[in-house]
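K.L.:
Below you will find the structure I want to go over with you.
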Amino acid sequence: MKFILLFFSIITAFPIVGESTKNWLTPPQGMVYVPAGSFIMGSTYGDPDERPQHIASTKAFFIEKYEVSNAEYALFDTSYAFENGKENFSVVVTWEQAAAYAKWAGKRLPTEKEWEKAARGTDGRVFPWGNTYNNKFVVWDRTHPRGSALAKPESPYGCYDMAGSVWEWTDDWYKPYPGNNIPMEQYGEKYKVMRGGSNFNNHSFIRTTQRYYVPPNSTANYPVGFRCVKDAE
């Protein structure tokens, strides 16, 4: 309760630019629309790299409702092999492979700003579904295909499994937010940021503000997948 009260006292200090629903665009198949505007990014209670909490903004964009599947990725890379019956499960690839797929598909990987906004909306929520942790909302064993009856609550804009499925690549290098003077030797253009937690992480790793880093040419044995975005303007 103390955590939730602190959280809401923090977010009320930030004015958010409202989003009009009048001019929302129809998204391409399999994608959802995220309008241009500002949102609360980062946190005051998480890891040092999540600070400072600040107001960020994005242009309008489309983002895929689900993570890219094994079958979808295999259309791009015909040498890619996966277990029978896992066609509709999230693919696990390096950042370089994910970026190449996105380019092939006429899309791109989301920036950190875009990913976090799509996951938490404009109300600064802790998890994609709200502010209360629920173990039933996390796919710990990654045993269900996307879109099944086991799909978890969607984010404010309609994305599924943005927490606790596989980690998801973003386009950004792992760097500090503006105003963050806490040193970390990992900062720079050595690692790409991944978001969303995965099947073995505790609830702190699946918060919408959680950041982690992996070299672009490796998954470092983490289950890392991705979803693509496309400019809407």
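K.L.:
Might you check whether a residue that is more than 30 Å from P183 (Cα to Cα), in contact with a Leu (Cβ under 7 Å, 6 or more places away or on another chain) and in contact (Cβ under 8 Å) with a residue 12 or more places away in the chain occurs anywhere in region 70-92?
P.N.:
Start the filter on region 70-92 by keeping residues that are more than 30 Å from P183 (Cα to Cα), which leaves 70-92.
Then drop every residue that is not in contact with a Leu (Cβ under 7 Å, 6 or more places away or on another chain), which leaves none.
Looking through region 70-92, none of the residues is more than 30 Å from P183 (Cα to Cα), in contact with a Leu (Cβ under 7 Å, 6 or more places away or on another chain) and in contact (Cβ under 8 Å) with a residue 12 or more places away in the chain.
K.L.:
Additional query: Just the residues that are under 15 Å from D49 (Cα atoms) and either β-branched (V, I, T) or not in a loop (DSSP other than H, G, I, E, B) (or both), please, taken from region 207-230.
P.N.:
In the first step, residues of region 207-230 are kept if they are under 15 Å from D49 (Cα atoms); the result is 207-214.
Selection gives T208, T209, Y212, Y213, V214.
K.L.:
Also: Name every residue in region 196-206 that is among the polar types (S, T, N, Q) and either outside any loop (DSSP other than H, G, I, E, B) or over 23 Å from Y101 (Cα atoms) (or both), in order of residue number.
P.N.:
If we filter region 196-206 for residues that are among the polar types (S, T, N, Q), which is where we start, we get 198-199, 201-202, 204.
Hits for region 196-206 are N199, N201, N202, S204.
K.L.:
Could I ask something else about it? For region 89-110, which positions are assigned to a loop (DSSP other than H, G, I, E, B) and touching a Phe, Trp or Tyr at 6+ places or on another chain (Cβ under 9 Å)?
P.N.:
Taking region 89-110 and keeping what is assigned to a loop (DSSP other than H, G, I, E, B), we get 89, 91-94, 105-107, 109-110.
Within region 89-110, F89, V91, V92, V93, T94, A105, K107, L109, P110 meet the criteria.
K.L.:
If I ask for residues that are modelled with pLDDT of 95 or more, under 22 Å from N180 (Cα atoms) and not β-branched (V, I, T), which ones from region 1-46 would you list?
P.N.:
Passing the criteria: S38, F39, M41, G42, S43.
K.L.:
Still on this structure: Report, by residue number, each residue of region 172-206 that is surrounded by 15 or more Cβ atoms within 10 Å (Cβ to Cβ) and either aliphatic (A, V, I, L, M) or at pLDDT below 95 (or both).
P.N.:
Hits for region 172-206 are V193, M194, G196, G197, S198, N199, N201, H203, F205, I206.
K.L.:
Here is a follow-up. So Y222 fits all but one of (1) surrounded by 14 or more Cβ atoms within 10 Å (Cβ to Cβ); (2) touching a Pro at 6+ places or on another chain (Cβ under 8 Å); what number is the exception?
P.N.:
(2)
K.L.:
Still on this structure, please answer the following. Of all the residues that make up region 38-77, how many are assigned to a strand (DSSP E or B) and surrounded by fewer than 17 Cβ atoms within 10 Å (Cβ to Cβ)?
P.N.:
The initial filter retains those residues of region 38-77 that are assigned to a strand (DSSP E or B), namely 38-41, 54-58, 61-64, 69.
From what's left, surrounded by fewer than 17 Cβ atoms within 10 Å (Cβ to Cβ): 54-55, 57.
Looking only at that region, the number is 3.
K.L.:
Mind listing just one residue for me: the one in region 148-171 that is surrounded by fewer than 17 Cβ atoms within 10 Å (Cβ to Cβ) and under 21 Å from P35 (Cα atoms) and, of those, modelled with the lowest pLDDT?
P.N.:
To start, the set of residues in region 148-171 that are surrounded by fewer than 17 Cβ atoms within 10 Å (Cβ to Cβ) comprises 148-151, 153-154, 158.
Checking which are under 21 Å from P35 (Cα atoms) leaves us with 153-154, 158.
Values: P153: 77, E154: 89, G158: 95.
Among those that are surrounded by fewer than 17 Cβ atoms within 10 Å (Cβ to Cβ) and under 21 Å from P35 (Cα atoms), it is P153.
The values are calculated or read from the model by the stated rules, or taken from the named source; none is laboratory data. If you're wondering where the values come from, they're calculated on a predicted model, not measured in any experiment. Counting neighbours? That spans all protein chains shown, and the Cβs are built from the backbone with ideal geometry, glycine included.
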